[in-house]
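Where a number appears in this text, it was derived from the coordinates with a stated rule and is not lab data. Bear in mind the structure is a predicted one, so any value in this text is a computation, not a measurement. All Cβ positions, glycine included, derive from the backbone under ideal geometry; neighbour counts span all protein chains shown.
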Amino acid sequence: MGKAISVFIISFLLCFLVYAHRPTAINIEPDFKNNKLTVDIAHPVVNPRNHYIRKVEIFIDDKEPLTYRFFFQVGDRKKFTVSVDELDKVEKIIIKAYSNRGGMREEEFNMKDFKNKKE
C-alpha cells in the first residue's frame, strides 16, 4: 500500500513538472538616458496563447514591486518596456516571471555592470 502511494506521488510530481514549464531566461536592457528598462523573458512553448508568462514582478532596490499581468505571449518571448524614475541611480533589480501553468524564474541584476558597459 505504501509503495503504491509513493509511486502515485512521484508520478503526480513528474507530471506537474512537465506541465509547469518555467521561463528559461530573463534579460534586461537599461536605457539610462530615457529612464526606460526593457525586459526580455524567454519562455519557449508550443502554444503561447494558452501557455504564457502571466505575471512579472520587478523589484527595484528592494522597494515595493512593480507588477505586470499578461494574458498571452507572442512567440517564445515576452518583451516589454517600463519607465523607471532615476534609473541611473538604481543599484539592484530583481525580476520574477511566473508562467500561467506554474513555474517561476527569478534573476537579479547589479546595475553597476550595465553602467560600466555604458561608459
| message | If amide hydrogens are placed 1.01 Å from N in the peptide plane, which non-local residues have theirs closer than 5 Å to the one on ARG77? | response | HIS43
| task | Identify all lysines with a Cα-Cα distance to LYS79 below 25 Å; exclude those on the same chain that are fewer than 8 residues away in sequence. | result | LYS33, LYS36, LYS55, LYS63, LYS89, LYS92, LYS96, LYS112, LYS115, LYS117, LYS118
| said: Order these by the 10 Å Cβ neighbour count, fewest first: HIS21, HIS51, HIS43. | reply: HIS21, HIS51, HIS43
| query | Which percent of Cα-Cα pairs in segment 22-118 sits in each 10 Å bin, short to long? | reply | 16, 50, 27, 7
| remark: Going residue by residue through segment 49-57, the Karplus relation 6.51 cos²θ - 1.76 cosθ + 1.60 with θ = phi - 60° gives ³J(HN,Hα) values, rounded to whole Hz and with x marking Gly or Pro, of 6, 9, 10, 8, 6, 9, 8, 10, 10
| task | Given the peptides 64-73, 99-108, arrange them by the average over their residues of other C-beta atoms within 10 Å, most packed first. | result | 99-108, 64-73
